[in-house]
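All remarks here apply to the structure that follows.
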Amino acid sequence: MSYTLYPSTLRLQDGTSYKGWSFFKLESCFGEIVFNTGMTGYQEIFSDPSYSGQMVVFTYPEIGNVGLNRIDNESNFIHVKAIVAKNISLYSSSWRSEVSLYDYIKQKKIPHIFGIDTRSLTRYIRLFGVTNAFLYYYCNSVEAKFLSLESLNNLDLIKKVTTLSSYSINSNFISKSNQFFSIGYILSKRNVLLKKYKILVFDLGIKFNIVRKLLLFDCIINIVPVTYRYELILQDKPDGILLSNGPGDPMLARYIINTVQKLIKFSNIPIFGICMGHQILNIAMGTNTFKLKFGHRGLNHPSGTNKYSEITSQNHGFAVSNNIATENDLLNKFSLNYLNLNDNTLSGTFHKKLPIFSVQYHPEANPGPHDSEYLFEVFINLIKLTKF
């Protein structure tokens, strides 16, 4: 079988270019270029809303070997702006595969480039930081005006990926329908509770696996948009609130920060923040965030204290500042010693009195390490304690 390849070019904002190939003639594509060091999980990365607006460089030398299936998606859409790889396998060899990556890329018209030196590109990003990039068919006439395009830092990407309206999910619905995201939910493995807790989930760009983990505890889940008002939350009377992962700069989402501040001050509802939710919760507590030079994106980030470490999956470009804890009385009630052990950025915050906590990494990691999966049980147990 013969395959037609088309010359393509990836040009970075400073003019640095990488020439490679694509499976069809590309339309011009613009985005922020980042890298992920995971050896697996390309399907989950494609469909992860946290990658909205980003071109993803896969540092693993070949992707596509195991194909794709309907179960492993983390959302209903493709969120990456482009795929950048050393090599893309034309064939898949897994019993779970339903379509090859080659066919999937062509069917969905996903912008992509392969055949470039991804080691060189990754080292460039590590040295100079994440940057904007432009991907185009080599024979197209491209002007340098793309260099002045707006940075993703100024775009509120959370509003772009959040749900438009609230909806509810529970185990009864799953058992009667297989239309919910094809999550592969197994009823026999759930942890049946004496009481079904109502969990309100703010969709900042939620991954399906967060919902899967909550369903394993037989929770009734109400997923709401980020603009959901404080008054409506009180009317819903949730037993717990989860702030999900999501893309972009958290400081642009003042609407949900204000809502979370009200929840912290005037309610005693347990709150669990994951990734973007971690950042939103900490900003509401009075901290600031900053943009990392090249972010944390991979499946093997050690997080913990000097005497304890978990291997975690991470995917974020911003982090919570951990050097202003003494400047805020409220922050003195937060435990801030849980760090990313690669660079000592803040990985988790746990309030000493209020039933709120958050982590920068993904305890629902799929694929990825399961070291921190227990945090969902911690969340449920925290809800139990507040009910006494």
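The values are calculated or read from the model by the stated rules, or taken from the named source; none is laboratory data. No experiment lies behind these values; they were computed from the predicted model shown. Neighbour counts are summed over all protein chains in view; Cβ atoms, including those assigned to glycine, are modelled from backbone coordinates with ideal geometry.
Some values worked out for this structure:
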| read-out | value |
| --- | --- |
| Odd one out for residue 352, checked against (1) within 23 Å of residue 306 (Cβ to Cβ); (2) surrounded by 22 or more Cβ atoms within 10 Å (Cβ to Cβ) | (2) |
| From 199, 269, 283, 256, residue being crowded, with 24+ Cβ neighbours inside 10 Å and either under 25 Å from residue 32 (Cα atoms) or over 22 Å from the mean Cα position of the chain (by Cα) (or both) | 256 |
| Segment 18-37: number of residues that are crowded, with 16+ Cβ neighbours inside 10 Å and outside any loop (DSSP other than H, G, I, E, B) | 12 |
| Checking residue 134 against (1) surrounded by fewer than 20 Cβ atoms within 10 Å (Cβ to Cβ); (2) modelled with pLDDT under 95; (3) aromatic (Phe, Trp, Tyr), the condition it does not meet | (1) |
| Test: residue in segment 118-128 that is part of a loop (DSSP other than H, G, I, E, B) and in the same structural domain as residue 59 (by TED's automatic domain parsing) | no |
| Residue in segment 58-77 that is touching a residue at least 60 places away in the same chain (Cβ under 8 Å), surrounded by fewer than 23 Cβ atoms within 10 Å (Cβ to Cβ) and touching a strand residue (DSSP E or B) at 6+ places or on another chain (Cβ under 7 Å) present | yes |
